[in-house]
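Okay, structure first, notes after.
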Amino acid sequence: MTAVPVTSATSLRANRRWALIAAYACLGIFVVFFLFPPYYMLVTSLKTNAEIAELASNPWIVTDGVTFGHYKHLLTESSFPRFFLNTTIVTVVVVAITMVISVLAAYSLARLRFWGSGVLATGVFLTYLVPDTLLFIPLFKIVGWLGLLDTYWSLILVYPTLTVPFCTWIMIGYFGSIPRELDEAALIDGANHLQMLLKVFIPVALPGLIAATIFAFTVAWANFLYPLAYIYSESEMVLTVGTVTTLIKGDVFHWGGLMAGALLAAAPPVILYAFLMDYYIAGLTSGATKG
Amino acid sequence: MRVLPPLLRRKPAVAVLMCVPLFALILGLVAYPFFHALFLATLNKAETAFVGLDNFSFLFGRQTFWMVVRQSLLFALVAVVFKALIGLAAAHAINTIPTKGQRKWRGMMLIPWVIPPALSTLGWWWLFEPTYSAINWGLTKLAVPAVPWLSDTFWARFSIILVNVWVGAPFFLIMYLAALKSIPGELYEAAEMDGAGPWQKFFHITLPMIRNIIAITTLFSIIVTLANFDIVRVLTQGGPLNTTHLFATYAFRVGIESGDIPLGAAVSLFMFPMLAILAFIILRNVRRRAASLA
């Protein structure tokens, strides 16, 4: 009688151990799959042109000595710093515009009902599902009419269409989850809407605000289609397009510089992510699950 | 105490005012461009004359266009299936190991999702380089013939899907992991008591519990994948012989590069019915989920 539960417990334990071994094996394979491209980019960016052009040695490691020449060239003798500055300007302005529009609208839609507010909230969600590739051609005409073609101001105009809907949507969720007792208390103390927003809603929903900011930052930093379609002059280019189009010309073995450029251009979102990973994930998952 | 809040809330003017910027943005830069696209698509190339549906009938008569339609659908379906499977496997593996180590593994696996796709695709472009790069070097060492990754139609399509899966699988991983965490542990304990094995637990507890999240994530991903631009643009620019073009890259080629804006607008608009159907289903799902949570 007593032998039965013992064997079932051992087999359970054995089961769990096998599940653990299988899980680690799986994770090992996936991590290699997910990380080998950036690793290879890094290795290439540290190689001399001679080593990149050479066929015999192992391409996965640096055998001929590490060089920072590609990075130095990029930062001192190319338009790369200009691209970096342009991207930074565009991103900072877009994030600021996005947060102002989204927070105001989300506060209103989450707390103050008015005629048509339900429809507007649904509209926000539907706009979030509109991809940049659907409307880039009519927007090209609009950008042209406004005289913004070939300036990075065109990006500042159109990027909010990609960032504002999602940010408003998740802020509605975060604001909506704040207990009503909190704003009632503030109202009794004589707070007006602006004070309530600044003193109650924003501090309480700060994690949501950070998540929305990270999202807006990532989208504005990474977009490729709009700058490719609207900007042609090197002096106005942003990092994504500048790296892809201007660093590919010239001699055949531009790979070292190209990889160095791609890594440097990708560094700010990756660093931001490394520090704020949990907010980033909270924002992503709440976008699809908050009603 | 109960009278005060409704009094202050009865200020629709303030509420509407706060939504004006949002409303202006949606109206001016989303709704208006959409209708303008419909108008543009009915013009001739010089945009001087109304041609009705000629742009559409021109596209319907072109083999290239039908190839773009087929390739877009094939690309989206295959890529989404693999993203979903890899995301689910990885999320499940992370959820199996002790909680202490989960953050580290999850952090590493999300990196492809954080790098701007246009830039990470440059890295892949170099990996696919036939002579000097690393993948074919490895294949040659294993005595496998080098693969013409981007110059052969089959391999070019394969490569584009591979990169898309690489970029997009972490999104599924995040969503699934969040869903797995929300399943009460008691369910598994009870199943173990009844002698359920790992597969039974997976099919009878895990899968039914996260079904809704799987559906929403998949629909989201189909939209994003169908509308993809960056990967194809950087890797193949639609080649060889237009066989890897998606709606977006083909619209860019026709509308911006060849300067036929009306035709480009028509190509883009072909995405709209598909996106509208997907959006409708997502909205219904999200509403149902919100209702079930409330």
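The values are calculated or read from the model by the stated rules, or taken from the named source; none is laboratory data. No experiment lies behind these values; they were computed from the predicted model shown. Cβ placement follows ideal geometry from the backbone for every residue including glycine, while neighbour counts extend to all protein chains displayed.
Residues satisfying the criterion are present in region B:262-271 (criterion: at the interface with another protein chain (Cβ under 9 Å from one of its Cβ atoms), touching a residue at least 40 places away in the same chain (Cβ under 8 Å), surrounded by fewer than 22 Cβ atoms within 10 Å (Cβ to Cβ) and not β-branched (Val, Ile, Thr)). A:Arg111 fulfils the conditions (1) free of Cβ contacts under 8 Å to residues at least 24 places away in the same chain; (2) touching a Lys or Arg at 6+ places or on another chain (Cβ under 9 Å); (3) assigned by TED's automatic domain parsing to the domain that holds A:Ile202 except for a single criterion, (1). Taken as a whole, the structure leaves B:Lys83 outside the set of residues that are modelled with pLDDT under 95, under 19 Å from B:Ala178 (Cα atoms) and not β-branched (Val, Ile, Thr).
Note on region B:138-186: among residues that are without any contact (Cβ under 8 Å) to a residue 60 or more places away in the chain, surrounded by 15 or more Cβ atoms within 10 Å (Cβ to Cβ) and of a type in the set (Val, Ile, Thr), the one that is nearest to A:Ile281 (Cα to Cα) is B:Ile183. Residues considered: A:Ala191, A:Ala186. Of these, the only one that is touching a helix residue (DSSP H, G or I) at 6+ places or on another chain (Cβ under 8 Å), of a type outside the set (D, E, K, R) and not in a helix (DSSP H, G or I) is A:Ala191. Do we find that A:Ser286 is among the hydroxyl-bearing types (Ser, Thr, Tyr), closer than 21 Å to B:Pro170 by Cα and surrounded by fewer than 23 Cβ atoms within 10 Å (Cβ to Cβ) in this structure? Yes; evaluated as a whole, the condition is true for this residue. Would you be able to say whether some residue in region A:94-101 is within 9 Å of chain B (Cβ to nearest Cβ) and within 21 Å of B:Phe252 (Cα to Cα)? The answer is no; no qualifying residue exists. Of all the listed residues (A:Ile210, A:Ile214, A:Ile172), the sole one being farther than 30 Å from A:Lys141 by Cβ and in contact with a Gly (Cβ under 7 Å, 6 or more places away or on another chain) is A:Ile214. Exactly one residue out of B:Thr64, B:Thr48 is over 30 Å from A:Ile97 (Cα atoms), more than 8 Å from chain A (Cβ to nearest Cβ) and touching a residue at least 12 places away in the same chain (Cβ under 8 Å): that is B:Thr64.
Give me the residue from region B:23-46 that is surrounded by fewer than 12 Cβ atoms within 10 Å (Cβ to Cβ) and not small (Gly, Ala, Ser) and, out of that set, nearest to B:Gly238 (Cα to Cα).
Narrowing region B:23-46 to residues surrounded by fewer than 12 Cβ atoms within 10 Å (Cβ to Cβ): B:24, B:27, B:35, B:46.
Among the residues that remain, those that are also not small (Gly, Ala, Ser) are: B:27, B:35.
Values: B:Leu27: 33, B:Phe35: 28 Å.
Filtering first and then ranking leaves B:Phe35.
Which number in (1) buried (at least 23 other Cβ atoms within 10 Å of the Cβ); (2) more than 9 Å from chain B (Cβ to nearest Cβ); (3) in contact (Cβ under 8 Å) with a residue 60 or more places away in the chain marks the one condition that A:Thr213 misses? All conditions pass for A:Thr213, except number (1).
Go over the candidates A:Tyr159, A:Tyr174 one by one and state the one that is crowded, with 23+ Cβ neighbours inside 10 Å, of a type in the set (Phe, Trp, Tyr) and closer than 19 Å to A:Ser286 by Cα. Answer to the selection: A:Tyr174. Cβ-Cβ contacts under 7 Å between residues 6 or more apart (or on different chains), taken from a first residue in region A:150-170 that is more than 10 Å from chain B (Cβ to nearest Cβ) and in contact (Cβ under 8 Å) with a residue 40 or more places away in the chain to a second residue that is among the aromatic types (Phe, Trp, Tyr) and outside any helix (DSSP H, G or I), are listed as A:Asp150/A:Tyr232. Take the conditions (1) farther than 22 Å from A:Gly144 by Cβ; (2) polar (S, T, N, Q); (3) part of a helix (DSSP H, G or I); B:Thr249 misses just one of them, which is (1).
Annotation: A:Val130 fulfils all but one of (1) at pLDDT 90 or above; (2) in a helix (DSSP H, G or I); the unmet one is (2).
Is there a residue in region B:57-77 that is surrounded by 16 or more Cβ atoms within 10 Å (Cβ to Cβ), at pLDDT 95 or above, among the small types (Gly, Ala, Ser) and in a helix (DSSP H, G or I)? Yes, because at least one residue in region B:57-77 is surrounded by 16 or more Cβ atoms within 10 Å (Cβ to Cβ), at pLDDT 95 or above, among the small types (Gly, Ala, Ser) and in a helix (DSSP H, G or I). Identification of helices (runs of 4 or more DSSP H) wholly contained in region A:1-120 with 2 or more residues that are of a type in the set (Ser, Thr, Tyr) yields A:3-45, A:69-77, A:80-111.
Restricting B:Trp149, B:Trp137, B:Trp199, B:Trp155 to residues that are of a type outside the set (Gly, Ala, Ser) and modelled with pLDDT of 95 or more narrows the list to B:Trp155.
Highlighted here are the helices (runs of 4 or more DSSP H) found entirely within region B:82-151 that include at least 2 residues which are within 18 Å of B:Ile231 (Cβ to Cβ), within 23 Å of the chain's Cα centre (by Cα) and of a type in the set (Phe, Trp, Tyr): B:117-127. Does A:Trp18 meet the test of being at pLDDT below 95, within 9 Å of chain B (Cβ to nearest Cβ) and under 31 Å from the mean Cα position of the chain (by Cα)? It is false that A:Trp18 is at pLDDT below 95, within 9 Å of chain B (Cβ to nearest Cβ) and under 31 Å from the mean Cα position of the chain (by Cα). Taken over region A:51-92, residues that are within 14 Å of chain B (Cβ to nearest Cβ) and closer than 18 Å to A:Leu247 by Cα amount to 8. What are the residues in region B:95-112 that are within 22 Å of A:Leu239 (Cβ to Cβ) and touching a residue at least 60 places away in the same chain (Cβ under 8 Å), if any? If the condition is that a residue be within 22 Å of A:Leu239 (Cβ to Cβ) and touching a residue at least 60 places away in the same chain (Cβ under 8 Å), then B:Leu110 is the only one that fits.
Pick from region A:178-205 the residues that are touching a residue at least 24 places away in the same chain (Cβ under 8 Å) and not aromatic (Phe, Trp, Tyr): which of them is surrounded by the most Cβ atoms within 10 Å (Cβ to Cβ)? Per the criteria, the residue is A:Ala205.
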